[in-house]
Amino acid sequence: MKSQKSKFKKIVTSLAFWVVIGIVAGIFVGVTFPDLGVASKPGIDWFIRALKALIGPIIFLTIVSGIIGLESMKELGSIGLKGFIYFEIVSTIALAVGILFGEVLKPGHDMHLDWTTLDPGSIEKYTHIDKDVGSVWSILKSAVPSDPITPFLTSNTLQVLFMAIVTAVAISFLKNDYKKKILKPLEFIQHYVLKLLTVLMLFSPIAAFSAMAFLIGKFGIDSLLGMIELLLVMAAASLFFIFVVLGTICYFAKVNIFKFMRFIAKEVLVVFATSSSETALAPLMQKLERAGIHRGAVGLIIPTGYSFNLDCTNIYLSLSVIFLAQAFGIPLTIEHLIQILIILMVTSKGAVGVTGSGFIVLAGTLAALPSAGIPVVTVAVLLGVDKFMSEMRAVGNLCGNAVGCLIISIWDKKVDIKQFRYALDHPEEFQFRA
């Protein structure tokens, strides 16, 4: 009896339990009282706003302290090179998975939509973009901030990453005594920023409720059911990528993907509920570090991955192109499929840090494929369902970057594998705390 009581107490005092309650309550309110659901939007808005205020400092402090802790700049270069190779290979596989599932399961087959009936104005803000988006120059330009304050205010991960690396490299050239003097106050500040994050995460069940209530109340169950086939194919492709593609990679690294997913389950749940990868970025980084991965590797790979290794966003992009071609009855040849893959390999990394980047990249890809004959205006049919798909993208991106951090760290020998295996077997001992 005592054991059952302690188990019950453990469940009801778990933050994950209350996040689930928030999700269920939000769906109920969104379906039953849609106006109230829409009115609850400030709950998620303020949560994300407060979270963004902490994300920049946490990333900056983690990267700087982590890189300073590396033995040499050679180690930084080694991690960076291996990260680039891994990101490029795995994100390309993700694009191929999206194309494969779109071609095999055909979610847009027999929809017979007419693109001439669509309103071009509905996608105007996604198509009037810099012509350089998708180029290397555009990526480099977006990484360099105009001032050192704005990236923290706007939570621009790429620019914070750039400033942190430059700062850490500059400090690394100092003598060890000076580095230790700089590191001590940085770690002190980081501790209290994480304390603030711990308090903020207590409000995640309210944020989960607000996000779900608004989502269902605003867009309705009808918009969900109207394109249920596309959503199911997206879910199937994402699960295949996580458990088969990433699972195979983990298998060769002698890591059980199911144990690893259990280890990060709480972060996955919070991201699903809020549709934002940012909500779990800092807790995930701390959890991986406590599980035995070197702070420098975590600090460099996770933020970089959130800019350049968005695996399930890649699945969404390639799957959406195939879906639109099928929905509007536009046949694609094998040459077109290869062109789609090659173009997305470039454009999928070109709108980093740009609001609405999914639609921007999708519109840009269609514009770069005139031979395929898919009008850019066709992306308008995805506007209603995009909010639902964003949850799958956010969860998949989280999983992809967590696995990427692990694999690159193992490859570069930046992980205490014995401690990590213990963490996988005892996930309850590695919950987020400052």
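Across region 24-115, counting alpha-carbon atoms alone, Rg and Dmax equal 22.7, 60 Å. Computed on the Cα atoms alone, the convex hull of the chain gives a volume of 158 cubic angstrom per residue. With contacts taken as Cα pairs under 8 Å at a separation of at least 6 residues, the chain carries a relative contact order of 33 percent. The base-10 log of I(q)/I(0) for region 286-333, evaluated at q = 0.13, 0.16, 0.33 Å⁻¹, reads -0.51, -0.59, -1.06 [Debye formula, identical scatterers on Cα atoms, solvent excluded]. On full extension, the segment bounded by VAL24 and SER72 gains 12.3 nm, given 0.36 nm per residue less the C-alpha separation.
Between the beta carbons of LYS195 and ILE330, assuming R0 = 60 Å, the FRET efficiency works out to 0.65 to the nearest 0.05.
Each of the peptides 396-407, 155-166, 74-85 was scored by the mean count of other Cβ atoms within 10 Å over its residues; in descending order, highest first, they stand as 396-407, 155-166, 74-85. Ligands, DNA and RNA excluded, the heavy atoms of MET392 present near 40 Å² of accessible surface to a 1.4 Å solvent probe. Taking the Cα centre of the chain as origin and assigning +1 to Lys and Arg Cβ atoms and -1 to Asp and Glu Cβ atoms, the resulting dipole is close to 2080 debye.
Accessible surface ranking for ARG393, ARG295, ARG49, 1.4 angstrom probe, highest first: ARG49, ARG295, ARG393. In region 362-434, a dipole from Cβ-located charges (positive for Lys and Arg, negative for Asp and Glu) runs towards its positive end, and of GLY373, ILE408, LEU398 it is ILE408 whose Cα lies farthest in that direction.
Here is the size of region 194-333 from its Cα atoms: Rg then Dmax, 17.9, 55 Å.
With the convex hull drawn around the C-alpha atoms of region 264-355, the volume per residue stands at 135 Å³. For the chain, take the longest principal axis of its alpha carbons; what is the angle in degrees between that and the long axis of helix 15-32, to the nearest 10 within 0 to 90? It is inclined by approximately 20 degrees. Rounded to the nearest 10 degrees, the angle from helix 228-240 to the longest Cα principal axis of the chain is 40 degrees.
With all pairs of separate Cα atoms included, region 137-256 yields a Kirkwood hydrodynamic radius of 19.8 Å. On the basis of the beta-carbon distance and an R0 of 35 Å, PHE173 and ILE338 show a calculated FRET efficiency of 0.15. Which net charge results when you count Lys and Arg as +1 and Asp and Glu as -1 among the other residues whose beta-carbon is under 11 Å from that of LEU174? After counting each charged neighbour, the total is +3. Reported value for region 176-242: 147 Å³ per residue, from the convex hull of its C-alpha atoms.
The values are calculated or read from the model by the stated rules, or taken from the named source; none is laboratory data. Just so it is clear, the structure is predicted and the values come from calculations on it, not from any experiment. We place every Cβ from the backbone using ideal geometry, glycine too, and count neighbours over all the protein chains shown. The area values use the complete protein model at the heavy-atom level, side chains included, leaving out ligands, DNA and RNA. Shrake-Rupley method; radii C 1.70, N 1.55, O 1.52, S 1.80 Å.
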